[in-house]
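One structure below.
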Amino acid sequence: MARKIDIVCVSGTREKLQMAAMFASVAAATGDTVTVFFSMNALKHFVKGAAGDAPSEGEFGTLMNQHGVPPFKQLFKQAAELGDAKLLPCSMAMDLLKITRDELDPEFGPPTGLTRFLSDAEGGQLLTF
Amino acid sequence: MGQCKVIDARNTFCPGPLMELITYMKQAKVGETLELLSTDQGSATDVPEWIKKVGHEMISSEKVGEVWHIKVRKAK
């Protein structure tokens, strides 16, 4: 039975983005319905051309950077491509960052407001990073 | 037989080996066998769990030296 998992990314640190990306990619590839909503400090890493090397929150982030951990951007991309996960940018964050949809990585869906996201997320399991 | 595609996911960490396997599983035909090589201990238990959950056929899992060899047949 497919689960419905909704993930909210607001932190821009490596550890939190990595954990969110791991949940998204594994759940989507297992057949769960996954939606990831990106806002605040998380969104800037997904502007086209962004390196995806987010600052570490602590020791673990540094450790991940030094080893063969798949980059979080790659995992989110795989979640979308292999598992049809939806990656949605927060419209408020886009307004403040002054970016358009075309300036985001191609896996991203349309700018989404909180009302729409909450409505779509109804009945699902919500995880926040 | 003898058609066993080997996916070398050594020296990458969770969920790297699993995502590598899934990438190749998507491209494989039903009935094909894939062998995943992983040095990640977590994947050694996690990958068979994924195979079971999505309904593919687990053939074998063995550790040779520091490398796990996980064989799976695409069932659907």
**Asked** Taking a probe of 1.4 angstrom, what is the accessible area of B:Leu18 in Å², to the nearest 10?
**Response** 10
**Prompt:** What 222 nm value per residue comes from the helices of the protein assembly as shown, counting each DSSP H run with n ≥ 4 as -39,500 (n - 2.57) and dividing by all residues, nearest 500 deg cm²/dmol?
**Reply:** -11500 deg cm²/dmol
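I'd like the antiparallel share, as a percent to the nearest 5, of DSSP beta bridges with both residues in region B:4-74.
70
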**Asked** Using unit Cβ charges (K, R positive; D, E negative) and no other charged atoms, how large, in debye to the nearest 20, is the dipole of chain A about its Cα centre?
**Response** 80
**Request:** With 24 Å as the limit, write out which pairs from A:Lys4/B:Lys63; A:Lys16/B:Lys26; A:Lys4/A:Lys73; A:Lys44/A:Lys86; B:Lys53/B:Lys76 have Cα-Cα distances beyond it, or answer none.
**Result:** A:Lys4/B:Lys63; A:Lys16/B:Lys26
**Asked** In what sequence, largest accessible area first, do A:Val26, A:Val34, B:Val64 appear using a 1.4 Å probe?
**Response** B:Val64, A:Val26, A:Val34
**Prompt:** Given labels modelled 7 Å from the Cα in the Cβ direction, how far is it in nm from B:Glu35 to A:Leu114?
**Reply:** 5.4
**Request:** With label points built 7 Å along Cα→Cβ from the Cα atoms of A:Met1 and B:Arg73, find their separation and express it in nm.
**Result:** 3.1
**Fill in**
Between chains A and B, the summed loss of accessible surface on complex formation, probed at 1.4 Å and reported to the nearest 100 square angstrom, is 1200
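Looking only at chain A, where both bridge partners belong to it, what percent of the DSSP beta bridges are antiparallel (to the nearest 5)?
Numbers: 1 of 17 bridges.
Expressed as a percentage, antiparallel bridges in chain A total about 5.
The values are calculated or read from the model by the stated rules, or taken from the named source; none is laboratory data. Keep in mind it's a predicted model, so treat the numbers as computed, not measured. Using ideal geometry, Cβ is built from the backbone for each residue, glycine included, and neighbour counts are taken over all protein chains shown. Quick note on the areas: whole protein, heavy atoms, side chains included, nothing else; ligands and nucleic acids left out. Shrake-Rupley method; radii C 1.70, N 1.55, O 1.52, S 1.80 Å.
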